[in-house]
Amino acid sequence: MKVYYFTEKGYAKLKQEIDKLEKFLKNDIAKEIATAREHGDLRENAEYEAAKNKQANYMAKLGTLQERFQAARIIRKEDLPADVVTIGKKVTIREAGSGDTITYTILGDGETDIDKNIISYQSPLAKGLIKHRVGDEVVVQLPKGAKTFEILDIQYADDE
C-alpha cells in the first residue's frame with residue numbers, strides 16, 4: 001500500500017473534507033436522486049441519470065480521499081531534522097542561472113497552493129531538494145529541463 005505523508009494540519013483538513021463529502025452524499029445527492037426518481041420512468045429520465053452519475057463521481061472522489069486517509073502518515077515537527085530539507089519545511093533557494101531567489105513550503109498532497117508557494121513533497125522540485133542542506137547546490141530535473149539551485153535557508157513551515 002502506498003503511504004501518503006501529511007502534516008497534522010493537512011491530515012485534519014483531509015478528515016474534514018471526507019466528513020463533508022460523506023454528508024453531501026448522504027443528504028444532498030440522495031435528495032437529488034429521490035426527486036429525480038419521482039419524475040417517472042427511470043429508463044427515460046435524464047435527471048435521474050445525471051444525479052446517479054454525479055453520485056458515482058463523488059463516490060469515486062470519496063474513495064480516493066479515504067484511501068489517502070487510511071494510508072496516511074503524519075509528519076510532526078519534532079520528528080524532522082532541523083537542518084535538512086524535508087516535508088514540513090520552508091526552503092529558500094537561489095536559481096544559479098538567473099540569481100532569482102524564492103521560498104517554497106513543502107507539504108503533503110492536498111495542502112498545496114502554488115499561489116502561496118506551497119508545493120507537494122511529490123513535486124519534481126521538492127523531490128530534488130529533499131535531503132539536502134543549506135549551502136548545497138542541487139541540480140533538479142524539472143519538466144522544462146534541469147536547473148541548478150543553491151539552498152539558502154531552511155525553516156520549519158510553522159515558524160513564522
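Details
- Lys90 touching a residue at least 40 places away in the same chain (Cβ under 8 Å), out of contact with any helix residue (DSSP H, G or I) (no Cβ under 8 Å at 6 or more places or on another chain) and not hydrophobic (A, V, I, L, M, F, W, C): yes
- Yes/no for Asp28 being at pLDDT 90 or above, under 23 Å from the mean Cα position of the chain (by Cα) and assigned to a helix (DSSP H, G or I): no
- For the stretch 101-109, the count of residues that are among the acidic types (Asp, Glu), assigned to a loop (DSSP other than H, G, I, E, B) and more than 19 Å from the chain's Cα centre (by Cα) is zero.
Okay, residues lined up against (1) outside the structural domain of Thr105 (by TED's automatic domain parsing); (2) out of contact with any strand residue (DSSP E or B) (no Cβ under 9 Å at 6 or more places or on another chain); (3) modelled with pLDDT under 90; (4) not in a loop (DSSP other than H, G, I, E, B):
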site	(1), (2), (3), (4)
Gly10	yes, no, yes, yes
Asp19	yes, yes, no, yes
Ile33	yes, yes, yes, yes
His39	yes, yes, yes, no
Ala51	yes, yes, yes, yes
Tyr58	yes, yes, no, yes
Lys61	yes, yes, no, yes
Thr64	yes, yes, no, yes
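The values are calculated or read from the model by the stated rules, or taken from the named source; none is laboratory data. These numbers were taken from a predicted model, which means no experiment stands behind them. Every residue, glycine among them, receives a Cβ derived from its backbone with ideal geometry; neighbour counts consider all protein chains shown.
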